[in-house]
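Q: First the structure, then my questions, so here it is.
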Amino acid sequence: MNSPSSSVLTAVLPVLAIVGTGFFLRKRGLVEASAQASMMRVVLWVLMPCLVLDRVPHNAALNSGWLAMAAPVAGFLSVVAGLLVAWYAAPLFGIQAGTPRRTFAYCTSIYNYGYVAIPLCQVLVGQDAVAVMLLFNAGIEVGIWTAGLMVLSGRLTREAWKKLVNPMTVGSILALALNKTGAAPHMPGWLCATFSTLGACAIPLGILMVGMALPALLAGFSWRNEPRAAAGACLLRNGIIPVVMLAPVAAGKWAWLPELPTPLGPILMLQASMSAGIFSIVVVQHFNGDPRMALRVAIYSSLGAIVTLPLWLEILSAWLP
């Protein structure tokens, strides 16, 4: 990873600019609210799977079976670790048992693993590492729809299991199969070009969609309510949970455990520095959680990340080049 502050700014500022553009487009009414759901389906069902099918099949780093297995497992465990920390810490911040506590634990454990982390990975870790991050993210998806929903709703529903069969999961399995069988070089050129072109649109459009969602989320939001919950979200998501997530990296570096395969260590460090995810608010609303708590966690964690993200990236990039 590159350590200079200029590299961090180079990665972060375009993301913020695209989010701001999306916010402006929605605020000015240049994009209708009814169009946002359709655009998001295009991102999730077409563009992101194409990004996987563009980056994974031809990536030589994934020829290591250990890396291909460790990446999704690490992603899954990162969600579980966050859930455990947030669940047991919630009472310390005055969060009531029941729906508020379940929502707080769920939203604090889910972070911006995709639309924000992937462009940062491209700049700070390298283009080849994106394929590994996409597999890491597949493990996060499993964690969100299994362990995450068990905490949020108190049970694991049939709908949650169905969510695991989605274009990203299918695309990841297919892409790994193409990589492992050596069939990737024999794919038609026009098909590879299609995956590449559509995949290149996934992250910019996804970030734009985040900005478009903000005006509706901020409508009627009160900054003064539940200050202890807001402080808890920042402390846990931006400080304590990253330390827990990075324990395997420290263990490998100090010979307690086998060192994580390259580039999984830098990817884990980068993901640990992310703030709470906005997408979790949508899930909370669908599964009858506490939307106000979800929004509070996302907003205050994101504000805290303005300070903590550059610090984490600077410290950790120097620690594990």
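The values are calculated or read from the model by the stated rules, or taken from the named source; none is laboratory data. As the structure is a prediction and not an experimental result, all values here were calculated from the model. Cβ coordinates were reconstructed from backbone atoms using ideal geometry, including for glycine residues, and neighbour counts include every protein chain displayed.
Q: Given the conditions (1) surrounded by fewer than 23 Cβ atoms within 10 Å (Cβ to Cβ); (2) of a type in the set (Val, Ile, Thr); (3) closer than 23 Å to Val130 by Cβ; (4) out of contact with any Leu (no Cβ under 9 Å at 6 or more places or on another chain), and given that Val46 satisfies all but one, which numbered condition is not satisfied?
A: (4)
Q: Here is a follow-up. Does Thr197 satisfy the criteria of being surrounded by fewer than 15 Cβ atoms within 10 Å (Cβ to Cβ), of a type in the set (S, T, N, Q) and not in a loop (DSSP other than H, G, I, E, B)?
A: Numbers: surrounded by fewer than 15 Cβ atoms within 10 Å (Cβ to Cβ): yes; of a type in the set (S, T, N, Q): yes; not in a loop (DSSP other than H, G, I, E, B): yes.
In short, yes.
Conditions (1) at pLDDT 90 or above; (2) closer than 19 Å to Pro49 by Cβ, marked per residue:
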residue: Ser78; (1), (2): yes, no
residue: Ala89; (1), (2): yes, no
residue: Phe93; (1), (2): yes, no
residue: Tyr106; (1), (2): yes, no
residue: Ser109; (1), (2): yes, no
residue: Tyr113; (1), (2): no, yes
residue: Leu120; (1), (2): no, no
residue: Gly126; (1), (2): no, no
residue: Ala131; (1), (2): no, yes
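Q: Output the residues belonging to segment 123-152 that are surrounded by 20 or more Cβ atoms within 10 Å (Cβ to Cβ) and either among the polar types (S, T, N, Q) or not in a helix (DSSP H, G or I) (or both).
A: Val125, Asn137, listed by residue number.
Q: Exactly one condition in (1) buried (at least 22 other Cβ atoms within 10 Å of the Cβ); (2) closer than 24 Å to Phe195 by Cα is false for Tyr106; which is it?
A: Exception for Tyr106: condition (2).
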